[in-house]
Amino acid sequence: MPTTMIQDMDDLVRAAINEVFDTMLNLKLEAEPPGTELLNGEAHIASSVGFIGRLTGIVYIYSTASFARTITATLIGLEESDIDGEEMVNDAMGEVANMIVGNVKSRLSDRGMPCVLTIPSIVRGSHFTIEAVSSTERRVVSFKCLKANQQIVIEILIKLEKSNN
Amino acid sequence: MGPKILTVDDSKTIRLIIAKAFKSFDCEVLEASNGVEGLAIASKEKPDIIILDLTMPIMDGYETLTKLKSDPELKGIPVIMLTAEAGRENVLRIAKQGVRDYLVKPFKEDVIIDRVGRVIDLKPKGSTPIKAKRFDDPLTILVVDDKPAICEQIRAGITDTPWTVIGRAQSGEAVDFCSQTLPDVILISLSLPDGAGFTLFQMLRASAKTKSVPVFGLCVKTTVDEQTRAQQMGFNGVVTKPMDMDDLKAKVARSLSLDTSYKYFQQKNGVLLVTLPSTFGTNVANEVTTHLRAKLSEAVDAGLDKVIFDLSALKTADITLIKLGLDFMTLCDELSLKQRMIGSSVVSQECKKYEETKDWSFVSTFNEAQAVLCGKELIAA
C-alpha cells in the first residue's frame, strides 16, 4: 500500500472526526502525539463502521463509557441522568462512527475509490484491544478533548485490494 | 396545529436530534425508523415535509423516495434527503431523484431548521402568546450598531420598562446571538459598513428562526435613501436618530402587539376609569384608541355602566386629544355608557373654543365625577 495513501487516510479521518465533533457537539479536539493509545482500566466503548471497496477496512472510535454518555447527552439534548440505558448510547456512538466514516467514504469516492459502508457496531468492555491480522495496516490517531478532559482514539485497519495499477 | 415534519431514519439518535431541533417551533415531528414505516406514516398523516435518511435497513431512502414519487397522494410532499455520504456521485444520484434539498451529516441544528424553513412555514412556539404579552413584561431587544453610545442611549431610555438591551457591533455577532437566544425585537443600524445592516436583515428574514422577529432600521433622519431602501426591503419600520424613546417604545409595543391597556384602563369603585398620562401625544392616543372599543365593551359585558375619562394630567387640549375625546363620546353613546370627564380649567377652556367640543363639561376629581354619574348634584367645571 502506498505510504501516501496511508497518510491520506490518517488525514481524512482526522478531518472527519474534527468536523463531526465540532458540528454536532461543539467540541474541539486536539491531536495527541503519535503512539498515544486509550488507557485501559476504565470501561470503554468502541464504535465501528467498516468500508468495503477498492480500499477495504474498518474504523474504530474508542472513548470511555462516561465520555460516550456525555457525547450522547450533548447530541440529543438531554441531561446525562436522563439517558435511558446503554441502547441510547450505543445508537448515538454508532451514529457518530457512521458520520465520521461516511465523511471519509465521500472523500475516497471523490478520489476514485468508491466503497460501501457496513452497519455500525459497538464493543463495550475494559482491558480489551482489537488486533489486526498481519496483512492489514493498523493506524492509530488519538485526540484530546480539552473541554471535557477526555480522550478519543481512532483505530483504522485498512487493506488495499490487490489491483493491477 | 403547525406543520407536520416526518423524519425517517434508522438512527434513533438522528430522529431525536431532529425532534430537538424543531422543539422550539410550532410543528409536530413524526418519526419512522425505515422506509416502510415512513410510507405508512406519510399515507396516514400527510406530513408537510419528509426528512429522509439515505441508508436504512428494510427499505432505503432511494426506494422510499421512488415509492413516494409514484404515489399520486404523496408525490407532492417535499423531501429533504439526509446522508452521511457527500461524494459527488452520491449527490448527483440524490439530485436526480427529485428531492427538494439534501443535507450531509454532520449538520448543525440551525442548518436543518433553515433548510426546512425554506420549504414550509415554521413559526416559533409561543408566537401567538407573544401577542398577549404586556408592555411591562420582560423583552430582549438586540441592537446591532457599531456605535456603543446608541446602545447605551436605548438602555437609558427604557429604564421604565423591564426590557433588556443586548448590543452587538457586527452582523456576525448578531447572527451568533440569534442562534443562541431569540430576541423579541431587533434594531439594526442601516449605516453599518458595506450595507451590512441590509444583508443582516435578509439573513434574518431567510432564517426560519428569526423570520417573524420584528426588525427596525436605525438611521439618521436625513438619510432618506437608506430609509426608503429599508421600507422597500420589508423592515418593520425605521427609528431615526436622535431617537425619541417614547416613539421607539410605541413601535416595539405595536410590532409585538403588546398589551398596553393596563396603563390607561382600570376599574375603580365600580366605574371604568380611562386615564391619559401627562406624556399624552400621538403614540398614546393610538394606543388608547386601539384598546378603547374593546375595553368599553368589556366593561359593559362585566356589568359596568359608567366610565370616567381622566384628562387631569394634561396641560392643554390639542386636535389629537379632541379626536380621541370624540371617539370616546361616540362609543359611550353606542354602548349606552354614562360618562364624565375630569380635566383642568385650562383644558376645559380650550375645549370651549371648538365647535365639536364646546359643550364638553369637566369635573375636577374622580369623586366628583363619580357623584355626578351616580345621580348626585352636578358640580360644574
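The values are calculated or read from the model by the stated rules, or taken from the named source; none is laboratory data. What you are looking at is a predicted structure, and each value in this text was computed from that prediction instead of being measured. Positions of Cβ are backbone-derived with ideal geometry, glycine not excepted, and every protein chain shown enters the neighbour counts. Side chains included, ligands, DNA and RNA excluded: accessible areas come from the protein's heavy atoms. Shrake-Rupley method; radii C 1.70, N 1.55, O 1.52, S 1.80 Å.
State whether segment B:127-255 is rounded, prolate or oblate according to the following rule on the C-alpha gyration tensor (a ≥ b ≥ c being the square roots of its eigenvalues): a/c under 1.5 gives rounded; otherwise a/b larger than b/c gives prolate, and the remaining case gives oblate. Verdict is rounded for segment B:127-255. Is any residue of segment A:88-111 close enough, with backbone N under 16 Å, to a label point placed 7 angstrom from the Cα of A:ARG54 along the Cα-Cβ axis, and if so, which? From segment A:88-111, the list is A:105-111.
Remark: for residue pairs B:LYS209/B:LYS323; B:LYS75/B:LYS125; B:LYS20/B:LYS221; B:LYS20/B:LYS241; B:LYS75/B:LYS211; B:LYS23/B:LYS295, the C-alpha separation exceeds 32 Å in B:LYS209/B:LYS323; B:LYS20/B:LYS221; B:LYS20/B:LYS241; B:LYS23/B:LYS295. Taking label positions 7 Å along the Cα-Cβ direction at both B:THR290 and B:SER336, the computed distance is 3.2 nm, reported to one decimal. Shown is the FRET efficiency for B:SER257 and B:ASP225, computed with R0 = 22 Å from the Cβ-Cβ distance and rounded to the nearest 0.05: 0.10.
With both labels modelled 7 Å from their Cα along Cα-to-Cβ, the B:GLU63 to B:VAL111 distance reads 2.8 nm. Taking Cα atoms only, the orientation of helix A:65-76 departs from the longest principal axis of chain A by about 90 degrees. Calculated FRET efficiency, B:LYS315 to B:LYS211, Cβ-Cβ distance, R0 = 51 Å: about 0.70 to the nearest 0.05.
Report, in degrees rounded to the nearest 10, the 0 to 90 angle that the Cα long axis of helix B:245-255 makes with the longest principal axis of chain B. Helix B:245-255 and the main axis of chain B meet at about 50 degrees.
Accessible area per residue for segment B:180-223 is 38 Å², calculated with a 1.4 Å probe on protein heavy atoms, without ligands, DNA or RNA. Would you mind classifying segment B:4-119 by shape? Square roots of the alpha carbon gyration tensor eigenvalues, ordered a ≥ b ≥ c; an a/c under 1.5 is rounded, otherwise it is prolate if a/b is larger than b/c and oblate if not. Verdict is rounded for segment B:4-119. In the context of the full set of protein chains, residues of segment A:4-140 present 45 Å² of accessible surface per residue (probe radius 1.4 Å, heavy atoms only). Quick one: of the DSSP bridges fully inside the protein assembly as shown, what percent are antiparallel, nearest 5? Of the beta bridges lying entirely in the protein assembly as shown, close to 45 percent run antiparallel. With an a/c value of 1.5 or above and a/b larger than b/c for the gyration tensor axes a ≥ b ≥ c computed over the alpha-carbon atoms, chain A is described as prolate. Computed on the Cα atoms alone, the convex hull of chain B gives a volume of 191 cubic angstrom per residue.
How about segment B:59-166: which GluC sites (Glu not before Pro) there lie in a loop by DSSP and see at most 13 other Cβ atoms within 10 Å?
Working: sites: B:GLU63, B:GLU73, B:GLU85, B:GLU89, B:GLU109, B:GLU152; in loops: B:GLU73, B:GLU85.
Those that pass, being in a loop and sparsely packed, are B:GLU73.
Is it possible to state the helix-based mean residue ellipticity at 222 nm for the protein assembly as shown, with each DSSP H run of 4+ residues giving -39500 (n - 2.57), the sum divided by total residues, to the nearest 500 deg cm²/dmol? What is it?
Per the formula, -12500 deg cm²/dmol.
For the protein assembly as shown, the Kirkwood estimate of hydrodynamic radius, built from reciprocal distances between every pair of different alpha carbons, is 28.4 Å.
Considering only protein heavy atoms and a probe of 1.4 Å, how much of the accessible area of the protein assembly as shown is carbon and sulfur, as a whole percent? Write down the numbers at each step before the final one.
Details: 12980 of 25660 Å².
Here it works out to 51 percent.
The simple Förster model, with R0 at 30 Å and r as the Cβ-Cβ distance, assigns B:LYS96 and A:GLU19 a FRET efficiency of 0.70. The modelled label-to-label distance between B:ASP305 and A:GLU42, using points 7 Å beyond Cα along the C-beta direction, is 7.9 nm.
Of all aspartates and glutamates in the structure, the ones whose alpha carbon falls short of 15 Å from that of B:LYS263, not counting any fewer than 8 places away in one chain, are B:ASP136, B:ASP137, B:ASP160, B:ASP246, B:GLU287, B:ASP310.
Relative to the longest principal axis of the Cα atoms of chain B, the long axis of helix B:61-70 makes an angle of roughly 70 degrees.
Take the accessible area of B alone and of A alone, subtract that of the pair with a 1.4 Å probe, and the total buried over both chains is about 1700 Å².
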